Amino acid sequence: MALMINEDCTACDACRPVCPNEAISAGESLFVIDALRCTECVGANDEPQCKLVCPAQCIVANPDWPETREELEEKYQQLHS
Ligand code: SF4
Ligand code: SF4
(Lines give C-alpha, C1' and ligand atoms only; values in the text may rest on other atoms or scores of the structure.)
(Ligands and ions follow the chains in the order given, each with its own letter.)
Protein backbone atom coordinates (compact mmCIF):
# COMPACT_ATOMS: atom_id res chain seq x y z
CA MET A 1 0.00 0.00 0.00
CA ALA A 2 1.48 3.31 -1.04
CA LEU A 3 1.55 6.10 1.50
CA MET A 4 0.09 9.58 1.13
CA ILE A 5 0.61 12.97 2.76
CA ASN A 6 -2.35 14.66 4.41
CA GLU A 7 -3.20 18.33 4.94
CA ASP A 8 -1.13 18.60 8.13
CA CYS A 9 2.04 18.77 6.01
CA THR A 10 4.12 21.88 6.70
CA ALA A 11 6.26 21.51 3.55
CA CYS A 12 9.42 21.21 5.65
CA ASP A 13 11.18 19.04 3.00
CA ALA A 14 12.51 16.51 5.54
CA CYS A 15 10.92 13.54 3.77
CA ARG A 16 11.86 14.11 0.13
CA PRO A 17 15.62 13.37 0.38
CA VAL A 18 15.20 10.15 2.40
CA CYS A 19 12.91 8.38 -0.06
CA PRO A 20 14.78 5.54 -1.82
CA ASN A 21 12.40 5.72 -4.79
CA GLU A 22 12.28 9.49 -5.41
CA ALA A 23 8.53 9.26 -4.85
CA ILE A 24 8.14 12.54 -2.96
CA SER A 25 7.94 16.00 -4.48
CA ALA A 26 6.75 19.46 -3.55
CA GLY A 27 3.19 20.15 -4.65
CA GLU A 28 1.21 23.38 -4.71
CA SER A 29 1.27 23.82 -0.93
CA LEU A 30 1.78 20.32 0.48
CA PHE A 31 4.31 17.68 -0.44
CA VAL A 32 3.01 14.78 -2.52
CA ILE A 33 3.82 11.06 -2.78
CA ASP A 34 3.65 9.45 -6.22
CA ALA A 35 1.77 6.23 -5.48
CA LEU A 36 3.31 4.62 -8.56
CA ARG A 37 6.76 5.00 -6.97
CA CYS A 38 6.05 4.42 -3.24
CA THR A 39 6.80 0.90 -2.02
CA GLU A 40 6.46 1.70 1.71
CA CYS A 41 10.25 1.42 1.44
CA VAL A 42 9.93 -2.33 0.85
CA GLY A 43 13.05 -3.38 -1.06
CA ALA A 44 15.24 -0.73 0.54
CA ASN A 45 14.48 -0.32 4.25
CA ASP A 46 12.70 -2.06 7.10
CA GLU A 47 10.19 0.74 7.58
CA PRO A 48 8.94 3.83 5.76
CA GLN A 49 11.75 6.36 5.99
CA CYS A 50 9.53 9.36 5.30
CA LYS A 51 7.33 8.56 8.29
CA LEU A 52 10.40 8.32 10.52
CA VAL A 53 11.56 11.84 9.73
CA CYS A 54 8.22 13.64 9.37
CA PRO A 55 7.76 16.05 12.30
CA ALA A 56 4.08 16.58 11.50
CA GLN A 57 3.14 12.87 11.45
CA CYS A 58 1.08 13.54 8.36
CA ILE A 59 2.13 10.54 6.26
CA VAL A 60 -0.52 7.84 6.22
CA ALA A 61 -1.59 4.79 4.22
CA ASN A 62 -3.24 5.54 0.88
CA PRO A 63 -6.47 3.50 0.89
CA ASP A 64 -6.70 3.70 -2.89
CA TRP A 65 -3.53 1.60 -3.28
CA PRO A 66 -3.91 -1.82 -1.63
CA GLU A 67 -0.78 -3.85 -2.43
CA THR A 68 0.72 -6.99 -0.94
CA ARG A 69 4.31 -7.13 0.24
CA GLU A 70 5.14 -9.25 -2.81
CA GLU A 71 3.63 -6.62 -5.10
CA LEU A 72 5.62 -3.89 -3.34
CA GLU A 73 8.84 -5.88 -3.77
CA GLU A 74 8.09 -6.33 -7.48
CA LYS A 75 7.33 -2.62 -7.79
CA TYR A 76 10.68 -1.79 -6.19
CA GLN A 77 12.53 -4.13 -8.57
CA GLN A 78 10.82 -2.57 -11.59
CA LEU A 79 11.67 0.95 -10.39
CA HIS A 80 15.33 0.07 -9.99
CA SER A 81 15.91 -2.26 -12.93
FE1 SF4 B 1 9.35 6.93 -0.29
FE2 SF4 B 1 9.41 4.98 1.48
FE3 SF4 B 1 7.98 7.16 1.99
FE4 SF4 B 1 7.15 5.49 0.11
S5 SF4 B 1 7.32 5.04 2.30
S6 SF4 B 1 7.28 7.70 -0.07
S7 SF4 B 1 9.07 4.73 -0.72
S8 SF4 B 1 10.20 7.04 1.79
FE1 SF4 C 1 5.38 17.42 4.88
FE2 SF4 C 1 6.15 15.66 6.72
FE3 SF4 C 1 7.38 15.74 4.35
FE4 SF4 C 1 7.74 17.73 6.10
S5 SF4 C 1 8.37 15.60 6.35
S6 SF4 C 1 7.34 17.92 3.88
S7 SF4 C 1 5.71 17.84 7.06
S8 SF4 C 1 5.22 15.21 4.72
Which angle between 0 and 90 degrees, to the nearest 10, do you get for helix 69-79 versus the longest principal axis of the chain when only C-alpha atoms count?
80 degrees
Whole-Hz Karplus couplings 3J(HN,Hα) for the stretch 46-59, θ = phi - 60° and coefficients 6.51, -1.76, 1.60, Gly and Pro as x, run 6, 8, x, 5, 5, 5, 5, 9, 6, x, 9, 6, 10, 9
Got a number for the accessible area of E74? Probe 1.4 Å, square angstrom, nearest 10.
110 Å²
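Ignoring ligands, DNA and RNA, what percent of the 1.4 Å accessible area of the stretch 13-57 is carbon and sulfur?
45 percent
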N45 and Q57 label points (each 7 Å along its Cα→Cβ direction) are spaced in nm at 1.8 nm
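If R0 is 30 Å, what FRET efficiency do you get for S29 and S81 from their C-beta distance, rounded to 0.05? Can you show the working numbers first?
On the way: r = 34 Å, r/R0 = 1.14.
Efficiency, rounded to the nearest 0.05: 0.30.
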Mind jotting down the three principal axis lengths of the chain based on Cα atoms? Whole angstrom, largest first.
32, 24, 22
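The values are calculated or read from the model by the stated rules, or taken from the named source; none is laboratory data. Keep in mind the model is a prediction, meaning the values are calculated, not measured. Cβ: placed from backbone, ideal geometry, glycine included. Neighbour counts: every protein chain shown. With ligands, DNA and RNA removed, areas are computed over all heavy atoms of the protein, side chains included. Shrake-Rupley method; radii C 1.70, N 1.55, O 1.52, S 1.80 Å.
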